[in-house]
Amino acid sequence: MMSKKIGFIASVLFSCTALTANAASIPYNLVGTEAPANSFIATATGQLTAYFYATEAAYNSEIGVRVNGVSTGVYGLWNHGSAYADSIVLGNVNAGDLLEFELRVLTTSTSWYSTATNNADGKNHTYTASFAGDAWIPAGRYIAFEDLPSLGDFDYDDHQFVVTNVALPEPTGLGLLGIGLITLGLMRRRKSNTAN
């Protein structure tokens, strides 16, 4: 009987240790500099689910999302009241919808967005990376916000979460534009060669 209790306690301690280890932030390697700008799209039609990852903030905050410029009105995953892998459905989306994540900083009554041009300071307040998934959170897109004006300490770890059904848009539009410009240039060059 005693060995069963010890085995149970050991498995609980192991689970807690593993959970704590997973709650460490995915490091932003360029602390002190602004993260590259990014944008997000829905990969499939269905629910947009966010999972709490971690926080290093003194301020209280929660997250929300705008879909094609319109807020879903759903906010949650309060950073000082959520545990690793707590989740929230932010709304339903269609494949290809443009997504803009919002950090509502409750302490200062301000909001920061994943689109820099929508922020009062014009800065990029999000860092993103691919998340492979683990036993508690499925694979998705890791997103971390900086909650201070002008990016404060530039460490992008104040409110961290993982979102499924999200991707960074492929640069196909730019690629097509480049191909079009090259083709136009070749046509002009050919035309000038035949005129001579």
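Evaluating Leu98 against the criteria (1) at pLDDT below 95; (2) under 14 Å from the mean Cα position of the chain (by Cα); (3) not basic (Lys, Arg) leaves one unmet condition, (1). Checked against (1) free of Cβ contacts under 8 Å to residues at least 12 places away in the same chain; (2) surrounded by 15 or more Cβ atoms within 10 Å (Cβ to Cβ), Gly81 passes all but a single condition, namely (2). Note on region 112-170: residues that are in contact with a Pro (Cβ under 7 Å, 6 or more places away or on another chain) and within 21 Å of Val89 (Cβ to Cβ) total 1.
Every condition in (1) open to solvent by less than 50 Å² (accessible area, probe 1.4 Å); (2) part of a loop (DSSP other than H, G, I, E, B); (3) at positive phi holds for Gly73 except the one numbered (1). Just a yes or no: is a residue in region 149-166 surrounded by fewer than 20 Cβ atoms within 10 Å (Cβ to Cβ) and aliphatic (A, V, I, L, M)? Taking every residue of region 149-166 in turn, none turns out to be surrounded by fewer than 20 Cβ atoms within 10 Å (Cβ to Cβ) and aliphatic (A, V, I, L, M). Residues considered: Glu62, Glu56, Glu34. Of these, the only one that is assigned to a strand (DSSP E or B), modelled with pLDDT of 75 or more and charged (D, E, K, R) is Glu62. Take Asn94 and decide whether it is more than 15 Å from His159 (Cα to Cα) and open to solvent by 30 Å² or more (accessible area, probe 1.4 Å). Yes; evaluated as a whole, the condition is true for this residue.
In region 101-121, of all residues being of a type in the set (Gly, Ala, Ser) and within 15 Å of the chain's Cα centre (by Cα), the one that is surrounded by the fewest Cβ atoms within 10 Å (Cβ to Cβ) corresponds to Ala116.
This table checks each residue for (1) in a helix (DSSP H, G or I); (2) open to solvent by 60 Å² or more (accessible area, probe 1.4 Å); (3) at pLDDT 70 or above.
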residue: Lys123; (1), (2), (3): no, yes, yes
residue: Trp136; (1), (2), (3): no, yes, yes
residue: Glu170; (1), (2), (3): no, yes, no
residue: Ile182; (1), (2), (3): yes, yes, no
residue: Arg188; (1), (2), (3): yes, yes, no
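Applying the criterion of being among the aliphatic types (A, V, I, L, M), farther than 26 Å from Asp97 by Cα and crowded, with 17+ Cβ neighbours inside 10 Å to the residues of region 29-63, the residue that is nearest to the chain's Cα centre (by Cα) is Ala54.
The values are calculated or read from the model by the stated rules, or taken from the named source; none is laboratory data. As the structure is a prediction and not an experimental result, all values here were calculated from the model. Neighbour counts run over all protein chains shown; Cβ positions are idealised from the backbone, glycine included. Quick note on the areas: whole protein, heavy atoms, side chains included, nothing else; ligands and nucleic acids left out. Shrake-Rupley method; radii C 1.70, N 1.55, O 1.52, S 1.80 Å.
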